[in-house]
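So the structure is just underneath, and the comments pick up after that.
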Amino acid sequence: MTRMIQSNAVSFQYLHTTEAFLKDININVNKGECILICGASGSGKSTYSRILNGISPAYIEGELSGEHFTADLRAGESEIEEYVPKVGSVFQNPKTQHFTVDAMSELAFPLENTGVDPEIIREKIIEKSEALEVDHLLDRNLFEMSGGEKQQIAFVAANMLEPIILILDEVTSNLDQEAIERIRNMVLKLKATGQTIIIFEHRLAWTRGIVDRYLLFDDGKIKKEWSADEFNQLTNDQLHDLGLRSMDLDAHREQIQLKLKASNNSANAKLSTKNLAVGYLDHKVLNNLDLSFNAGEVTGLLGPNGTGKSTLANTLSGLQESITGQILWDNKVVSKKELIQKSYLVMQDMNYQLFSDSVENEILLGAKHPEYLDDLLNALNLSEFRDRHPMSLSEGQKQRVVIASALLSGKEIIIFDEPTSGLDYEHMERFGNLLSDLKKSKNVIIVITHDEELASKWCDSIIQLKK
Amino acid sequence: MIVKGFDPRAKLLMIILAAVYVTIDLSILLEISLILIFILPFFVSNLPLIGSSFFVIYVVQLLGSLYLLPYVESPFFIYIVSFIFNGFRLLLPGIIAGTFAIKTTSVSEWVATFKTLRVPNWLLIPIAVMLRFFPAVREDYHHIRKAMAFRGIGTSALDLLKKPATTFEYILIPLLMNATQVAEDLTVSALTKGLSLPGKHTTIVQLKWTVSDWLLIIAALIPFILNIGGTVS
């Protein structure tokens, strides 16, 4: 058996930090094995993935002790460039890992960098894109692709140099069920070729039947290790106790089905639509929508990518004109302008939504009810941060600042766009609790999500959009 | 991938020629033919609207310079009017050539052009990163405007006029904050794909210098040659 990854007593501490992110890690991975490393955010997963692909300590610097080998490359001694032909990496965010504008160039990029002849590059692109079934995407602009499509291209790009080791760093965080299924198929194909695959993930269900070994990281250490058989025996509850997400999504899907049925009582709806069509002048995205949303309830909006969830959210929040039909508030027709004043769309990326130099100023910006500031800071656990710069907070804290400013400016419709993508079990639950607290304020709360665990447990009713 | 239309190197050459023409005093007739030659590529490349707009701008400048400028007496206005009709008119060929180059060349074509021109890696990489950022910034900008709309800040033209600095700040701060994160992610991803590898980097984009590129460059040189020859004065 050839050793592909070998960590002996590896510890790592980033430059300018006071605490080690990895503490005494011992891992051996054989050629052709597929292992999954799970654990809460901050458990050291990302740091370890950077050691594996040579980014640390060479580019993101720090102090490494112990001995780590990826293939025959020794961490801390080998150059980043030596890793290029041997290790392929796919990262979490589909938006920030493609270096070119169109798919074809993106696949050519690693080969161009290694000086391969253009004729051979062209052959390789066709070969790889057919093998991994992305050939229909080749002439598309990456900026116009869905997250799932971008991620598939990133996956193929990482494999263009035929690396012997593949590292998947939370690659499904932003994806819907269908896209995850495609990624799963790609992993299966590559595993069959004998590639060694290391998966870092929060979402575990899709990895059943692929992974040979599961490792749990906690506070920079390996807390536990399971064979695939042992891990498959664990119930969802046992996983949740370990801070992990469910392996078995069937129970969640049943729950979602039950909540679908409950969503048709429009009698006391606060916000409703009548024969609404949304989309653009040249094509309608969704037709004949008669939806109702109750105050003080969380309504989940589910559906695969491309079904028009975002278009619907943009229309309900007054960003976009509806094509036909009406939107009603307390059974009275409301205009686009009134809607935008009533609503707040919390986007996935918090950095776009913070404008001030302190949490307090941020929340007071445009506030209609400044007198409730203190109460709100307390309710959202933000009191201790009131003088901090919003950008210095964690993502979860930023999200609460955004929610606080929405509430203080008197918004009555709060829409969340994919609030839990990339979140571990603990943080997902925390967000769920926040949703239930928000219900007390009698707002209309809408959650657009792919996260079946979130939808099944924390949404009161669910609208499923279909293609 | 074969580059369609004019070769990016021809487009760059046109920009350089335009810069040379700034220093040359052409007769009105030669100047008109120069403008016609410079807007020609727009019509060949199926962008007649842009080409015609530039021609209209030119005609307005020319008429203004001939029939309006002589009657302006105020020293303050003559400065502005002569800049618009004369100074700006001199720069117009450069603006036309630049617009054409940007409008009709993709990012991968630019990168391929610089590789073909043997631009060294230390210069090529920052250019490639910069070109990658433009569409990303545009995307970010839309997200930020969306967030501002919900916050009710910077939503009207009046806000922009009353508090330009604040409005600008609301856009710029999230844009920069985001850009640092994006830059880090992009660098890491590009490093794992060999951006920093030493040695020659190839390109699948094939540049093709064709007859039409020759014709364009030669045509653009004609006013210069005639001017030196002095056949038209």
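The values are calculated or read from the model by the stated rules, or taken from the named source; none is laboratory data. A quick note: this is a predicted structure, and the numbers were derived from the prediction, not measured. Every residue, glycine among them, receives a Cβ derived from its backbone with ideal geometry; neighbour counts consider all protein chains shown. Just so you know, the surface numbers come from the protein's heavy atoms only, side chains and all, with ligands and any DNA or RNA stripped out. Shrake-Rupley method; radii C 1.70, N 1.55, O 1.52, S 1.80 Å.
Which is farthest toward the positive dipole end of segment B:119-192 among B:161, B:179, B:128, measuring Cα position about the Cα centre, with Cβ charges +1 (Lys, Arg) and -1 (Asp, Glu)? Working it through, the farthest residue towards the positive pole turns out to be B:161. Rounded to whole Å, give me the distance from the Cα center of segment B:86-103 to that of segment B:173-191. One Cα centre to the other: 33 Å.
Considering every alpha-carbon pair of segment A:65-206, the percent of pairs per 5 Å bin, from zero through the bin containing the longest distance, is 2, 10, 19, 22, 21, 14, 7, 3, 1, 0.
Distant-in-sequence amide contacts of residue A:66, defined by a placed amide H-H separation under 5 Å and a gap of 5 or more residues or a different chain, comprise A:11.
What's the long-distance tail for segment B:57-136, i.e. % of Cα pairs beyond 21 Å? Every Cα pair in segment B:57-136 considered, those over 21 Å come to 52 percent. Here's the list of aspartates and glutamates a cross-link from residue A:467 could span, going by alpha-carbon distance under 15 Å and ignoring same-chain residues fewer than 8 apart: A:176, A:178. Three principal axis extents describe the C-alpha atoms of chain A; from largest down they are 70, 50, 44 Å. With the alpha-carbon atoms of chain B aligned to their principal axes, the span from lowest to highest coordinate is 61, 52, 30 Å, starting with the largest.
Charge tally around residue A:239: other residues with Cβ under 11 Å, Lys/Arg +1 each, Asp/Glu -1 each, net -3.
Chains A and B: buried accessible surface, both sides, probe 1.4 Å, rounded to 100 Å²? List each step's numbers first, then the result.
On the way: alone 21350 and 15090 Å², together 31660 Å².
The A and B chains share an interface burying roughly 4800 Å².
By the Stokes-Einstein formula, at 1.567 mPa s and 4 °C, segment A:321-467 with its Kirkwood radius over alpha-carbon pairs has D equal to 79 µm²/s. Step through the table entries A:221/A:457; A:284/A:309; A:284/A:342; A:442/A:466, compare each Cα-Cα distance with 19 Å, and write down the pairs that go over it. Pairs exceeding the cut-off: A:221/A:457; A:284/A:342; A:442/A:466. GNM on chain B, alpha-carbon springs under 10 angstrom: the most fluctuating residue among B:146, B:162, B:115 is B:162.
Mind putting a number on the dipole of segment B:119-192 about its Cα centre? Charges go on the C-beta only, +1 for Lys and Arg and -1 for Asp and Glu, and I need it in Debye to the nearest 20.
Details: 7 positive and 6 negative charges, 62 e Å.
Dipole about the Cα centre, nearest 20: 300 debye.
Looking at segment A:90-191, none of the trypsin sites (Lys or Arg not before Pro) sits in a DSSP loop with at most 14 other Cβ atoms within 10 Å of its own Cβ.
Dipole of chain A computed with +1 at Lys/Arg Cβ and -1 at Asp/Glu Cβ about the Cα centre; of A:13, A:260, A:328, farthest Cα towards the positive end is A:328. Computed over protein heavy atoms with a 1.4 Å probe, the carbon and sulfur contribution to the accessible area of chain A reaches 46%. Counting only Cα atoms, the size of segment B:119-192 along its three principal axes is 47, 22, 15 Å, in decreasing order. Using the alpha-carbon positions of segment A:69-131, Rg (one decimal) and Dmax (whole number) come out as 13.7, 37 Å.
Inverting the pair-averaged 1/r between distinct Cα atoms of segment A:1-70 gives 12.5 Å as its Kirkwood hydrodynamic radius.
Under a Gaussian network description of chain B, with springs only between Cα atoms under 10 Å, the residue in B:33, B:108, B:196 that fluctuates furthest is B:196.
Percent of alpha carbon pairs in segment A:243-364 separated by more than 21 Å? Intermediate results must be reported in sequence, preceding the final value.
Numbers: 3801 of 7381 pairs.
Tail of the P(r) past 21 Å holds 51 percent of the pairs.
Here chain A is treated with +1 on each Lys and Arg Cβ and -1 on each Asp and Glu Cβ, and its dipole about the Cα centre works out to around 1520 debye. Solvent-accessible surface of the protein assembly as shown, averaged per residue with a 1.4 angstrom probe and all protein chains in place: 45 square angstrom. Seen through its C-alpha gyration tensor, with square-root eigenvalues sorted a ≥ b ≥ c, segment A:380-424 comes out oblate because a/c lies at 1.5 or above while a/b is not bigger than b/c.
For segment A:171-295, the dipole from Cβ point charges (+1 on Lys and Arg, -1 on Asp and Glu) about the Cα centre works out to 360 debye, to the nearest 20.
Based on the mean of other Cβ atoms within 10 Å per residue, sort peptides A:288-300, A:237-249, A:42-54 so the most packed one is first. Mind dumping the intermediate values first?
Working: A:288-300: 19.7, A:237-249: 17.0, A:42-54: 23.6.
The densest-packed peptide leads the list: A:42-54, A:288-300, A:237-249.
For segment A:345-454, the residue among A:444, A:383, A:358 whose Cα projects farthest onto the positive side of the dipole built from Cβ charges is A:444.
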